[in-house]
Structures are given as C-alpha cells and as structure tokens.
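See below for the structure under consideration.
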Amino acid sequence: MAGYAGYLFKIGTYTVPFNMMFTESYTATKNEQDMDSYVDANGNLQRNALEHWRFKCEWTIPPMKKSPEVENFFQAIYAQFTNRVEKCATCTAYVPELGDYHEGKMYLNSSVEFPIYRATPEYVQYKEIRVAFVEY
C-alpha cells in the first residue's frame, strides 16, 4: 500500500464506517518493545530494542448512537473474528507515523463498556463507546 486510501481501520474485510468513528479520537500507536533492557551502575540505559513492534489502535464511537446501530456494528465486527474467544482478526489500520497502513493479527480489547445515556421502551441510546484493538 502507499499512503492513505480513504479509510482508517478494517477488521478482516469490514471497513469501519466513519459514522461509527469519532475521527478526532482515532489514535494509532506503534509500541516498540524492549527485552532485558536495564540501567547499568553508571546510570546509563543499556537498551535492547526489538525489531518487532506491537500496534494499538483506538477510537470512540460518537455519543448518542442508538441500540440497533451499535448492535449491528458489533455484530459486523464479531463476524470477522477468526477466534471468537480471543476476539481476534486480521486488521488493517492507517498509521500516521508510517504514512501508510499496517496489517496484523489484533484482538479487541475486552474492556469495551457501553455507557447508557438514555433508555426508552423503543431503544437504548449510548454515550461515547471506546473501541481498542491491540496487536499480538
């Protein structure tokens, strides 16, 4: 891929629609990893940075979405999982630091909360909902 292609995040073949993403909340973090790094007796960091990095992407679903729309969105996500217990799928995310997309096996953070703004006999309306995917 070469540069931005008109979307921010895909789960499997499902492209997250912009109406289910408060774009100002979108973050794509390239988490570098260390192994056995330490500070020596002189106070200098002896760093062993690994080439492999783990990616984390998160955003919020805009507030005031109603239950059918939120439920359909999560059903579309769950349909893409290769392992429903781990809530994982191959995901593709736009990473501004790279100026390109990164594809990897990621899991849906299990702490998704659904704060309710209002409940009526017809529907439930939610406050904003945080969604995060983390790479293995």
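Tabulated values for the structure
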| read-out | value |
| --- | --- |
| Options ASN19, ASN42: the member that is of a type in the set (S, T, N, Q), part of a loop (DSSP other than H, G, I, E, B) and loosely packed, with under 14 Cβ neighbours inside 10 Å | ASN42 |
| Selected residue [at pLDDT below 95, of a type in the set (Asp, Glu) and either farther than 24 Å from TYR136 by Cα or more than 12 Å from the chain's Cα centre (by Cα) (or both)] from GLU24, GLU32, GLU71 | GLU32 |
| Any chance TYR38 is of a type outside the set (Val, Ile, Thr), free of Cβ contacts under 8 Å to residues at least 12 places away in the same chain and farther than 15 Å from ARG130 by Cβ | yes |
| Of all residues making up the stretch 106-136, the number that are more than 22 Å from PRO17 (Cβ to Cβ) and either surrounded by 14 or more Cβ atoms within 10 Å (Cβ to Cβ) or acidic (Asp, Glu) (or both) | 2 |
| Pick from the stretch 111-136, criterion touching a residue at least 24 places away in the same chain (Cβ under 8 Å) and among the basic types (Lys, Arg), ranking: nearest to PHE9 (Cα to Cα) | ARG130 |
| Residue within the stretch 53-64 that is at pLDDT below 95, part of a strand (DSSP E or B) and more than 19 Å from LEU8 (Cα to Cα) present | yes |
| For GLY99: the one exception among (1) in contact (Cβ under 8 Å) with a residue 60 or more places away in the chain; (2) within 20 Å of ILE129 (Cα to Cα) | (2) |
| Selection within the stretch 86-111 - of a type in the set (A, V, I, L, M) and either touching a Pro at 6+ places or on another chain (Cβ under 8 Å) or at pLDDT 95 or above (or both) | ALA89, ALA93, MET106, LEU108 |
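The values are calculated or read from the model by the stated rules, or taken from the named source; none is laboratory data. Computed from a predicted model, the values in this text were never measured in an experiment. Ideal geometry is used to build each Cβ from the backbone, glycine not excepted, and the neighbour counts take in all protein chains shown.
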